[in-house]
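The values are calculated or read from the model by the stated rules, or taken from the named source; none is laboratory data. Bear in mind that the values here come from a model prediction, so they are computed numbers and not experimental data. Backbone-built Cβ (ideal geometry, glycine too); neighbour counts: all protein chains shown.
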Amino acid sequence: MSYPIKFPKPFMDALLARFQGQEAPVGGKFDDPSPGSLGEFIQKNLKIKMNPAVYLAALLIDEGFAESSRRGYIRFRPKVKP
């Protein structure tokens, strides 16, 4: 079986606005991500039961939107003003 997960632009814009400049827990537990975490945000806003937070966190870091701050947390970069 295949379960494609997509992160539409409106979702990503909302995620980056929500966590901008903050340190946030990744919330990688599939069945119970921690409150206020990236995982909780994903499950609530994409209305899915699976939790790809650890994968999305790695992508956000790789693309420069966030950085690893401490175990289980990432720090989102502040929005750069033009």
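Couple of notes before you dig in:
- Residues of segment 1-43 satisfying the condition of being acidic (Asp, Glu) and in contact (Cβ under 8 Å) with a residue 24 or more places away in the chain: GLU23
- GLY21, sole failed condition from (1) on the phi > 0 side of the Ramachandran plot; (2) modelled with pLDDT under 95: (2)
- Matching residues, segment 32-59, being crowded, with 21+ Cβ neighbours inside 10 Å, closer than 16 Å to ILE5 by Cα and within 9 Å of the chain's Cα centre (by Cα): LEU38, GLY39, ILE42, ALA53, LEU56, ALA57
- Checklist (1) buried (at least 19 other Cβ atoms within 10 Å of the Cβ); (2) touching a helix residue (DSSP H, G or I) at 6+ places or on another chain (Cβ under 8 Å); (3) charged (D, E, K, R) applied to LYS29, failing item: (1)
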